[in-house]
Amino acid sequence: MIKYDVVIAGSGIAGASVAYFLSRKGFKVLFTDVKPFERAGDKPCGDAMGKHHFDELGIEYPKGEELEGLVKAIDIYSPSEEIRYRVTGEGFEVNRVEFTKRFIRLAQNKGAEYLPEVQVRKLLFKNGRVIGASLWSRSRGEWEVEADLVIDATGMSRALLRQLPKDWPIRDDLRPQDMNIAYREIRKLKEPVEEPEILRIYVSQEKAPGGYWWFFPYSFKDGVVNVGLGVQGGMGHPFPKDLLYTKVLNSPIFEGSEIIEAGGAAVPTRRPINTLVWEGIAAVGDAAYTVNPIHGGGKGSAMLSSWCMAEAVEEAANSGGLTTEALWGANKCFIDRYGAKQAALDIFRVFLQRLSDKDLDDGMRRKLIKEEDLNTVSLHGDLELSTVEKAMRLLSGLRRPTLLFKLKTVADYMGKIKEHYRKFPEDPSGLNSWLTDLQRIYDDFLKKL
């Protein structure tokens, strides 16, 4: 049986990037994917990535076939579409297949072994710890490999994590209500799009209950747009494709447009996984619930989780071995850089999903949450309302005082969650009590909401 330092299941952006980050540190890495190389990273999504993710990780910006457009801002529209907020920020529309291929090639150049069209079927256990995996391909059949660490980067399928005992904290099954079910199409419109470097998000409980619909132009391709719609899972809402066709695509702008590509997918929209590592297994990307709970973007944060994992593996290897305790720094790394903000945004997400279209329209019209607030929330996970601002907004919004009181509660609990994540346990022994306290904060928030 061949022995590797790390075996990775899944070679989308999360899996391919962690393979690269590990291989450039000199580790013996095997990364696999059920898809062929030509479809690496192929998953329906909005395809937008913030420039700050590349800057933070020191990764070269997308270029050539990887790049399909530039982004300068996002416009957020109220349910009536009469009110618009503009949130500025630079980013890219990427071809995720070509972008993923970049990481695969980089990892291979650093010595990692890549096996497309290979399935990691079964985890191997010994003495209560994952020690390897059973692989299968159509051409080779089944064989086993040994590893000091197995990483699940299989996205929402969580193909390996689902095999773990339910009492392992990394298992952390997802509630249907904490996911978004989305459908999107790439379409060629008859006319060019005005302001093609501006992405559009439309919030509407009637059109996209518990989610939103989007219109993302590819600024390098005249008239080509990514249009889609997502709904909250587990609530019995109509299928997003049906809503997209009946509520959105009947608009005159889509008349005579051609479908280039279509597909659907689910994404997690909650706080991060309980822990990124446990007894020989780890998780990155969607499998670790690293997606932004508000807008569902996950490529940049997936790369960040992969970078943190590689840093922790290097530190653990230098300290004597890839034990849970030695790898624990992966949690702290991700929480400090993204996870605490993500948890605060989860609180905000729960609040938004309970608002009616009337609440959303009224709140945006009266600027109970302002554009600068959205910038702060997006960047830091903070909803800071100064005493003066609170008073001014109260005076301007007396017709809906309950909404204002709820907004104050949301801001308070976003702060509480962030503070709790800053106190994430220093080692695995404190995780259970920390999770108990975390659940208590959520329960108290829901009662007050």
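The values are calculated or read from the model by the stated rules, or taken from the named source; none is laboratory data. Keep in mind that what you see is a predicted model, and the values were worked out from it rather than measured. When we count neighbours, we look across all protein chains shown, and the Cβ atoms used for this are built from the backbone with ideal geometry, even at glycine.
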**OP:** Name the one entry in GLY280, GLY223 that is under 30 Å from LEU322 (Cα atoms) and more than 21 Å from the chain's Cα centre (by Cα).
**Re:** GLY280
Subject >> Candidates GLY298, GLY263, GLY339, GLY320, filtered to the one that is surrounded by fewer than 24 Cβ atoms within 10 Å (Cβ to Cβ) and in contact (Cβ under 8 Å) with a residue 12 or more places away in the chain >> reply: GLY263
**OP:** Please indicate, with yes or no, whether at least one residue in the range 108-116 is among the aliphatic types (A, V, I, L, M), part of a helix (DSSP H, G or I), in contact with a helix residue (DSSP H, G or I) (Cβ under 8 Å, 6 or more places away or on another chain) and in the same structural domain as SER301 (by TED's automatic domain parsing).
**Re:** no
**OP:** With a cut-off of at least 2 residues that are in contact with a Lys or Arg (Cβ under 8 Å, 6 or more places away or on another chain), name the helices (runs of 4 or more DSSP H) lying wholly within the range 246-353.
**Re:** 299-318, 340-353
**OP:** Among the residues of the range 282-307, write down those that are closer than 30 Å to ILE76 by Cβ, modelled with pLDDT of 95 or more and either aliphatic (A, V, I, L, M) or not assigned by TED's automatic domain parsing to the domain that holds PHE125 (or both).
**Re:** VAL284, ALA287, ALA288, VAL291, ALA302, MET303, LEU304
Original post:
Does any residue in the range 421-449 that is free of Cβ contacts under 8 Å to residues at least 12 places away in the same chain come within less than 6 Å, Cβ to Cβ, of a residue that is in a helix (DSSP H, G or I) and surrounded by 13 or more Cβ atoms within 10 Å (Cβ to Cβ) six or more places away or on a different chain, and which pairs are these?
Top reply: PRO425/LEU431; PRO425/TRP434
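The rows are residues; the columns are (1) farther than 30 Å from LEU431 by Cβ; (2) modelled with pLDDT of 95 or more; (3) touching a Pro at 6+ places or on another chain (Cβ under 8 Å).
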{"site": "PHE216", "(1), (2), (3)": "yes, yes, no"}
{"site": "TYR245", "(1), (2), (3)": "yes, yes, no"}
{"site": "GLU258", "(1), (2), (3)": "yes, yes, no"}
{"site": "ARG271", "(1), (2), (3)": "no, yes, yes"}
{"site": "GLY280", "(1), (2), (3)": "no, yes, no"}
Original post:
Within the range 16-48, can you find the residues that are small (Gly, Ala, Ser) and either touching a helix residue (DSSP H, G or I) at 6+ places or on another chain (Cβ under 7 Å) or part of a loop (DSSP other than H, G, I, E, B) (or both)?
Top reply: ALA16, SER17, ALA19, SER23, GLY26, ALA40, GLY41, GLY46
**OP:** Considering each of ALA310, ALA326 in turn, give the residue that is crowded, with 22+ Cβ neighbours inside 10 Å and modelled with pLDDT of 70 or more.
**Re:** ALA310
Original post:
What do you reckon, is ASN331 of a type outside the set (A, V, I, L, M, F, W, C) and crowded, with 21+ Cβ neighbours inside 10 Å?
Top reply: yes
**OP:** Output the number of residues of the range 74-103 satisfying the condition of being in contact with a strand residue (DSSP E or B) (Cβ under 6 Å, 6 or more places away or on another chain) and buried (at least 17 other Cβ atoms within 10 Å of the Cβ).
**Re:** 10
Original post:
Given the conditions (1) at pLDDT 95 or above; (2) surrounded by fewer than 21 Cβ atoms within 10 Å (Cβ to Cβ), and given that ASP346 satisfies all but one, which numbered condition is not satisfied?
Top reply: (2)
Original post:
Is there a residue in the range 195-203 that is touching a helix residue (DSSP H, G or I) at 6+ places or on another chain (Cβ under 7 Å) and either farther than 18 Å from GLU261 by Cα or among the aromatic types (Phe, Trp, Tyr) (or both)?
Top reply: yes
Subject >> Matching residues in the range 416-443 - criterion: being in contact with a helix residue (DSSP H, G or I) (Cβ under 7 Å, 6 or more places away or on another chain) and in a helix (DSSP H, G or I) >> reply: LYS416, ILE417, LYS418, HIS420, TYR421, ARG422, PRO428, ASP437, LEU438, ILE441
Original post:
Got a sec? Which of ASP172, ASP167 is in contact with a Phe, Trp or Tyr (Cβ under 9 Å, 6 or more places away or on another chain) and farther than 15 Å from GLY10 by Cα?
Top reply: ASP172
Original post:
If a residue has to be exposed (fewer than 15 other Cβ atoms within 10 Å of the Cβ), within 30 Å of VAL227 (Cα to Cα) and either at pLDDT below 95 or not charged (D, E, K, R) (or both) to count, how many in the range 135-176 make the cut?
Top reply: 1
Original post:
When the range 123-182 is examined, which residues are found to be of a type in the set (Lys, Arg) and in a strand (DSSP E or B)?
Top reply: LYS126, ARG129
Original post:
For the range 177-192, how many residues meet the condition of being buried (at least 19 other Cβ atoms within 10 Å of the Cβ), more than 17 Å from the chain's Cα centre (by Cα) and not charged (D, E, K, R)?
Top reply: 1
**OP:** Inspect all residues belonging to the range 230-250 and state whether any of them is surrounded by 13 or more Cβ atoms within 10 Å (Cβ to Cβ), touching a strand residue (DSSP E or B) at 6+ places or on another chain (Cβ under 6 Å), in the same structural domain as TRP214 (by TED's automatic domain parsing) and within 30 Å of VAL7 (Cα to Cα).
**Re:** no
